[in-house]
Amino acid sequence: MSRPIATAGPEAERVLPQRTALAGTAVVLLVAVVGLTWAKWAPYTERTRALLATREWPGTNILQSGADDGSALRRGWDFTLAYGTAVWKALLVALVVAALLDALVPRRWLVRTLSGQTSTRSSLAGGLLSLPGMMCTCCTAPLTVSMRRAGVPRSAAIAFWWGNPVLNPAVLGFLLILAPWQWVALRALAGVALVFGVASLIGAAADRRAARRVDPALLPAAAGPAAQAQEAAEAVPLHRLPGRFLRCLVRLAAVLVPEYLLVVFAVGMLGPWLSPALSAGSAGVLTVMMAALVGAVLVLPTGGEIPILLGLAAAGASAGVLGALLVVLPTVSLPSAVLVGRALGWGTTAVAVGSVVVTGVLAGGLLVLLS
């Protein structure tokens, strides 16, 4: 008889038989591979071939969507439509995989995979897991939320959240084709520092604070033979797993998608007032800080920072501003911070966003030295 294994989700008190858990984990991996091939790997392979042939980025700057219209509501709608058209495939894959994680993968397995003896090892595990995803910061959010619901350490969850966009291998390849080598080196260096260093520090500090707030008397006692027998009796039957998955998917979509659309719409309305801060020619610290702060608000699809940076460079923007935006624009955004805020903790999320801004300012200074 298979040993039952506890799992996360709306029925966290239920357990999965071990064979069912193994099959569920295989389903999650298969769906992730098929979904990423459809939404990311195949399109980016074709884009790389096109860039090698033309040396020009296809399409336009998404921040210019609706910029010529005088209505703020129209600008918000046009931007939301343009952004949604660019990311809907990746967002759909992220929601489905996140719901499958919730429903089919035992919590203990996920935590064991992404937890290390130290926060550095946890961030290393989360960062390495993020590399095949190649998702933008918002599309990564549902998976980050599911990880935290399962009890994955914050250091691993933050590393996964950041690693997808800032260390995206495809975008690094696009930059290598279109941009100066200094941009590529700076992006990779800052990304490694954030994902494998800063995420570890933030997660360790947040987990220590959370541990101090936990009353040991409230922790569950170790399961005895009677509890194990009850778990075996309550094991989730195989025929109930599809319904379990659908409930997880509806719960995630009902909470995250409306928040996502509302905040993206608001960013679209504010775009014309925010964008001028990105094009300043001054290399002063205050100018670079302002650009980094604005970059942390704006939301872009994967690789959407490339036409912005190339346009700003052609218009004479300073190396400091370019360096800051090279790091901040892909890594965080206001919508993604709102989506992960409850899962990571609002204080931890604010520290994470602030750390990306500071890293962006430092990167701007470094690019000034390299230029």
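List of remarks:
- Subset of segment 117-144 that is open to solvent by 20 Å² or more (accessible area, probe 1.4 Å) and part of a helix (DSSP H, G or I) - its residue that is nearest to Val255 (Cα to Cα): Leu129
Here's the yes/no breakdown for (1) modelled with pLDDT under 95; (2) open to solvent by less than 80 Å² (accessible area, probe 1.4 Å):
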residue	(1), (2)
Thr45	no, yes
Gln64	yes, no
Ala67	yes, yes
Ala72	yes, yes
Arg75	yes, yes
Leu101	yes, yes
Val105	yes, yes
Thr113	yes, no
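- The sole residue among Val321, Val299 that is part of a helix (DSSP H, G or I) and out of contact with any Lys or Arg (no Cβ under 7 Å at 6 or more places or on another chain) is Val321.
The values are calculated or read from the model by the stated rules, or taken from the named source; none is laboratory data. This one's a predicted model, so the numbers in the text were calculated from it and none came from an experiment. Ideal geometry is used to build each Cβ from the backbone, glycine not excepted, and the neighbour counts take in all protein chains shown. Please note that ligands, DNA and RNA were not included when accessible areas were found on the heavy atoms of the full protein model with its side chains. Shrake-Rupley method; radii C 1.70, N 1.55, O 1.52, S 1.80 Å.
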